[in-house]
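Input: a single structure, listed below in C-alpha cells.
The values are calculated or read from the model by the stated rules, or taken from the named source; none is laboratory data. Just so you know, these numbers come straight off a predicted model, no measurement behind them. FYI the Cβ positions are ideal-geometry reconstructions off the backbone, even for glycines, and counts take in every protein chain you see.
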Amino acid sequence: MAPHDELLRKIALVRGRWKAFLWLRGLAWILGVTVASLLIGLVLANSTSISGWAVVGLRLALVAVVLFTVFKTLVLPLRRTPTDTQLARFVEEKNPGLEDRLVSAVEAIHKSKTEQIAFVHLLIKDALDRTKHVRFREQVNKRKFSTFAGLTAGLALALIVSLYISSLFFPVGSALLLGSLLKPPNVDAWELKVTPGDITVARGSDVTIQAVAMGFDPQRAEVHLRYANSTQWEIATMEVAPQNVPTFRHLVFNLQESVHYFVDARGNRSREFTIDVADLPRVEKVDYTYHYPPYTGLAVKKEENATDIAALKGTEVEVTVTGSQLLAGGRLVFADGKSLSLQPPARGWSPARNRRPHNDVSHRADQYEQGEVSRPGRIFHGSPR
C-alpha cells in the first residue's frame, strides 16, 4: 500500500468512528424521545371520554416530535462531514506530541504539486512513523461512545417491551393510539357504562353501583366515593360479577347522605355521578284480606305483611298498603300494565276489591307524591280442597 493511501486510511478510521458515534448518540435521543412521547400519549389516550379526532391529534403530535428529533439529532450532524484535514487536527489535539506533522502530511497529500512529490513523500513517512502507536479507532471519546451505545440498546429494548405490554397497563390508550393508524379510531367501541348514574333514593337505602366495560377487558375496577360531609375521596375495589361482559359491582349500605362517585377501570374513568338522598315514601307493609267464593265455605282470611297472593280462582282479595308517610294516592300495578287505584283511608291505602285474579301475574304497589316506590309480589292460583 502506498504511504499516502495508508495515511488516508487511518484518517478514514477516525471518520468511521466519528459517524458511528453520531449514529449512536442520535439513536439514543430518538429512542428516548419516542419512549417518553409514547408514554405520555398512552396516558392521555387511555380514556373512553376522548374523541376520535383528539386521538388523531395525539398521533400527529407523536410523529412530529419523533421526526423533529430525527432531523435535529441525526440528519443535521451527519450532513456536516469533516474533511481529512479537520480530522487530522482532531487527532493531533488528542495527541499533542505529533506537533502538526499529521496535519502537514494530510494537507500536502491534497495540495501537493509535481515538483514537491519527494518532499511530500518524506512528510508522509514522517507522519506514519509518528503515528505508529496512535490508535485511530479510539480517538473518539471511548467513554461517551460506550455510554451512548448502552443507552441505545437499553432504550431500544424499553421501546419493544413498552409496545408489548402497553395493552396491559393502558388497554384503551394502546388500542386507540396504536390501532387503526390510517383512520380515526372508533372510540365508541370502548365504553364504561355505569349505573344507576344520577339518581335520588330514599334515606337509608342500599344502592348497588355497577360498571360494565364495553370493548375492553380490565382486570379490576375501583369506585371512588365522596360523601356530602367529607372532602376526601374513598376508594373501594369493586367485586367482579359473573357476566358475559366484564362487569363490576359495589354495594353502598344504608345511605344517609348524598354521595358523589365515579368508576376507574385500569385508567378508564367514567364521568362523575351523584346519588342524592331524600325522605321518599316507601312501602312498609302490605296486607291481604281473602274473600273466598261461597261454595268453599271458607271464612274471610287476613294475611299481614304479605308478599305473594295465593288463592283459589274467583277469590276476591282486598289489598291494604301501608306507607312510611301520608301521601296523595297510589296504584296497584300488574305486570301486564293494568293497575288499580288505591283509595286513601285514615292510614295507608286500600283499593276496591280485586276482582278474580286471572292468570299468574306479578304486581307491585306504587305510592307517589314526588316519586314511586314499590314492593313486588306475585299472584298464584290454588285449587279447592
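Quick check on the stretch 95-108. Is at least one of its residues surrounded by fewer than 14 Cβ atoms within 10 Å (Cβ to Cβ) and either under 18 Å from R9 (Cβ atoms) or modelled with pLDDT of 80 or more (or both)?
no
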Subset of the stretch 253-269 (residues that are under 28 Å from the mean Cα position of the chain (by Cα), within 30 Å of S324 (Cα to Cα) and buried (at least 18 other Cβ atoms within 10 Å of the Cβ)): V259, Y261
In the stretch 193-241, what residues are surrounded by 15 or more Cβ atoms within 10 Å (Cβ to Cβ), modelled with pLDDT under 90 and part of a loop (DSSP other than H, G, I, E, B)? G215, F216, P218
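Scan the stretch 115-136 and tell me whether some residue there is closer than 29 Å to L27 by Cβ and part of a helix (DSSP H, G or I). Give the derivation first.
So the first thing to find is which residues in the stretch 115-136 are closer than 29 Å to L27 by Cβ, and the list is 134-136.
Remaining after also requiring part of a helix (DSSP H, G or I): 136.
Checked the stretch 115-136: at least one residue is closer than 29 Å to L27 by Cβ and part of a helix (DSSP H, G or I).
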Just to verify a result, which residue in the stretch 1-52, among those that are surrounded by fewer than 18 Cβ atoms within 10 Å (Cβ to Cβ) and among the hydroxyl-bearing types (S, T, Y), is modelled with the highest pLDDT? S51
Pull up the stretch 310-319, narrow it to residues that are out of contact with any Leu (no Cβ under 9 Å at 6 or more places or on another chain) and not in a loop (DSSP other than H, G, I, E, B), then point me to the one that is nearest to Q343 (Cα to Cα). E318
All-but-one check, V91 against (1) crowded, with 16+ Cβ neighbours inside 10 Å; (2) in contact (Cβ under 8 Å) with a residue 60 or more places away in the chain; (3) more than 19 Å from E138 (Cα to Cα), failing number (3)
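Quick one: in the stretch 117-136, which of the residues that are of a type outside the set (A, V, I, L, M, F, W, C) and loosely packed, with under 13 Cβ neighbours inside 10 Å is nearest to S104 (Cα to Cα)?
D129
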Which pairs turn up if I take residues in the stretch 209-238 that are at positive phi and look for partners that are in a loop (DSSP other than H, G, I, E, B) and surrounded by 13 or more Cβ atoms within 10 Å (Cβ to Cβ) with beta carbon separation below 6 Å, at least 6 apart in sequence or on another chain? G215/W190
Has the stretch 243-253 got any residue that is closer than 22 Å to S174 by Cβ and not in a strand (DSSP E or B)? yes
Over the stretch 270-309, the set of residues outside any loop (DSSP other than H, G, I, E, B), modelled with pLDDT under 85 and surrounded by 16 or more Cβ atoms within 10 Å (Cβ to Cβ) is V283, I309
Step by step: first the residues of the stretch 76-88, then only those that are assigned to a helix (DSSP H, G or I) and touching a helix residue (DSSP H, G or I) at 6+ places or on another chain (Cβ under 9 Å), then the one that is surrounded by the fewest Cβ atoms within 10 Å (Cβ to Cβ). Which residue is that? L78
